[in-house]
Each structure stands twice: as C-alpha cells, then as structure tokens.
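Read through the structure below, which is laid out as structure tokens, and then see the notes.
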Amino acid sequence: MDIEHPDWQEIIEMGKGPNRPQMLTIDDCELLFRGAIILEAHCIVEIGAAWGTSSMVLGLACKETGGHLWSVEAKPRREWFDNVKKMGLDKTVTLIKGCSPAVHLDLPGPIDFLFIDGDHQTRSVLRDYYYWSHFVRVGGLIGFHDIYGPPSPKVNKAIEMILSDGSKCLQEQGRCPVNQICGTIIFRKVKK
C-alpha cells in the first residue's frame, strides 16, 4: 500500500483554530494513523470529536484502507464539519450526534479500531470502554487519549481499573512519549 504521509502540523492547526487549545500532538496523530493503517482498519469508531483533529487523522487512514469512521460527538462544532469537508472526507467520515453510549450505530461489522476521547471523567471513560469494547473484534485496537496533561489522572485511573479487572484482554501496542499535553495509548484486544 503506497501511503501519502499527511502534514500533521497543518491538520493540528486546522483542528486547533484560533484561540483554542491544541487537542492532538504530532505523536498522537502518527500513532493513530499508523495503528489504523497497519491494522488495515475498515470500521473505526471515535468517541469525542470536538473540532475534528482526530476525525481528520482517522478519516485519512480510512481513505487509505477503504474503511469508514463513525465519530460520536454530543455537541459537534461547525469547525468539525468544515475540517472534514476541507480534507475531502465527507464520504469517509460520518458524524453521529449524541452522547456515548446512548447512540445507535448501524455498523457493517465489528469495530477494528475504537478511539475513546469523550468525557474525561473516570466513570465516563469506563462507561465508554465497557460499552463499546464488546463491539471491537479480537485483534482490534482500542485507544485512549489524554494520558498526559490536566485530564490524565482521571483517564489513567480508568485505564488502571480496566487493566486490573482480571480479564487480561488488552495488550499495550504503543503510546506517545511523555509531554505536557495530550498523549495517546493504544491497546490490542487479545481476547473477548
């Protein structure tokens, strides 16, 4: 597969916009994109879309793999639509307006890649994981965002609780280097 490497800085700036914080780093973008490409993901679901940075990254991966991204967002911003359209991803990315997990997705099959970046409260991260992970195929990927920076204690507490539940169904595949903001970690689902 001949893959054109996207300009992550341009995508980050589009997602950031004026007077808004940066949502993803170049390391986050690369980890998400590479994970989806290597997996040849056809069905990706992201929980939390904000201004669309991760939607653009995962949407571009879907364009390469022939897949589709479903973005679940309770309060989609106009910029999300603008960014998806500017990147030519209108047919590759579908916005599902609503709160996770109280949305209905008519997916074509199991989820290949689940990216959790919605409400960052520990309870919400756990709710999203325990609801959506059942739809992720064995061998699929599950990513969590904001393992560094202000929301990280709550996100990391949820991840710690998931990993200590005794099921041993997740195996770490990669994480961003430590930085002051953001940070993504990705696990492979190794058993049901």
Any residue in the range 18-30 that is out of contact with any helix residue (DSSP H, G or I) (no Cβ under 8 Å at 6 or more places or on another chain), surrounded by fewer than 23 Cβ atoms within 10 Å (Cβ to Cβ) and β-branched (Val, Ile, Thr)? no
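Any idea which residue in the range 74-131 is surrounded by the fewest Cβ atoms within 10 Å (Cβ to Cβ), counting only those that are among the acidic types (Asp, Glu) and more than 21 Å from Glu172 (Cα to Cα)?
Going through the qualifying residues, I end up with Asp106.
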In the range 148-172, what residues are surrounded by fewer than 20 Cβ atoms within 10 Å (Cβ to Cβ) and of a type in the set (Val, Ile, Thr)? Ile162
In the range 2-38, the residues that are in contact with a Ser or Thr (Cβ under 8 Å, 6 or more places away or on another chain) and farther than 15 Å from Cys182 by Cβ: Met14, Ala36, Ile37
Matching entry among Asp119, Asp146, Asp106 (being at pLDDT below 95 and in contact with a His (Cβ under 8 Å, 6 or more places away or on another chain)): Asp146
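The values are calculated or read from the model by the stated rules, or taken from the named source; none is laboratory data. Owing to the predicted nature of the structure, the values given are computational and were not obtained by experimental measurement. For neighbour counting, all protein chains shown are included, and Cβ atoms are generated from backbone atoms with ideal geometry for every residue, glycine included.
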